[in-house]
C-alpha cells in the first residue's frame, strides 16, 4: 500500500513537471536524479516512469535514464483524430442522460474558467473534471480510461497555446464563454447539436495547439 502511494505521488509530480514545461520536451534525466530530488528509492521512480510512458509523456532509455517525449505534429494530429472519434459520440448520448442539476453545477463551474487569477494547474484540474462530468453519463470505464490518456497527451500542447494567450484578458473570458456555450447546447437535449459543439470545441483547441507548435518551431529555427 505504502509503495503504491509513493509511486502515485512520484507519477503525479513528474507529470506535473512535464505538463508545466519544468521538464522540457527532449530533456533526459536519470532515475538517480529524480530519486534524489524527490527523496525516494529507485523502485517508485521506475514504476512512475512506466506509467508516464504508457501516457506517451516519456521514453524510457536502456539503463537507468528516460527522456521527456518530444512534441510532434504527427502525434498531435493522431491525438485529436482519436478524440474526434470518441468525444462527439459520447456527447451525442450524454446530452440525453445528464441531469439538469448536474448541468446547473457545471454551468457554475464554467464561469470559473474566465477567472484570470486562476493558475494554469488549477484551470486544467477543473477542465478535466468538467469535461469528464459532461461526457460521463454515457462513458464506460474503458471510455474514461481512454479519455484520460488522450487528455493527458493533448494537455502539453494546449497548455503551451494557452500560455501564449494568457496575458490577454479577453482570452480568459473566451474560455468561460466556450464552456458556458457547451452547457447551453447540452440543455437543448439535441444529440446532433451536442456532438457538433464538442467537435467544434476540439477543433479550436487543436488549432490553438498547432499554433503553439509553429511558434516553438520558429523560435528554435531562429535560436
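Below is a table of values for the structure above.
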{"read-out": "Given (1) farther than 22 Å from residue 140 by Cα; (2) within 17 Å of the chain's Cα centre (by Cα); (3) modelled with pLDDT under 90, number of the condition residue 55 does not satisfy", "value": "(1)"}
{"read-out": "Residue in the stretch 147-179 that is surrounded by the most Cβ atoms within 10 Å (Cβ to Cβ), counting only those that are over 12 Å from the mean Cα position of the chain (by Cα) and modelled with pLDDT of 85 or more", "value": "179"}
{"read-out": "Sole exception among (1) surrounded by 14 or more Cβ atoms within 10 Å (Cβ to Cβ); (2) under 23 Å from the mean Cα position of the chain (by Cα); (3) more than 23 Å from residue 212 (Cα to Cα) for residue 18, by number", "value": "(3)"}
{"read-out": "Meets criteria (in a loop (DSSP other than H, G, I, E, B), farther than 20 Å from residue 155 by Cβ and out of contact with any strand residue (DSSP E or B) (no Cβ under 7 Å at 6 or more places or on another chain)) for residue 103", "value": "no"}
{"read-out": "Qualifying residue in the stretch 42-52 (condition: surrounded by fewer than 17 Cβ atoms within 10 Å (Cβ to Cβ), free of Cβ contacts under 8 Å to residues at least 60 places away in the same chain and not in a helix (DSSP H, G or I))", "value": "no"}
{"read-out": "Residue count for the stretch 106-129, restricted to those that are modelled with pLDDT of 80 or more, closer than 18 Å to residue 157 by Cβ and surrounded by fewer than 18 Cβ atoms within 10 Å (Cβ to Cβ)", "value": "1"}
{"read-out": "Top-ranked residue in the stretch 61-92 [being free of Cβ contacts under 8 Å to residues at least 24 places away in the same chain and over 25 Å from residue 209 (Cα atoms); ranked as surrounded by the fewest Cβ atoms within 10 Å (Cβ to Cβ)]", "value": "62"}
{"read-out": "Of all residues in the stretch 21-36 being assigned to a helix (DSSP H, G or I) and either outside the structural domain of residue 6 (by TED's automatic domain parsing) or in contact with a helix residue (DSSP H, G or I) (Cβ under 9 Å, 6 or more places away or on another chain) (or both), the one that is surrounded by the fewest Cβ atoms within 10 Å (Cβ to Cβ)", "value": "32"}
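The values are calculated or read from the model by the stated rules, or taken from the named source; none is laboratory data. The structure presented is a predicted model; accordingly, all values stated were derived computationally and were not measured. Counting neighbours? That spans all protein chains shown, and the Cβs are built from the backbone with ideal geometry, glycine included.
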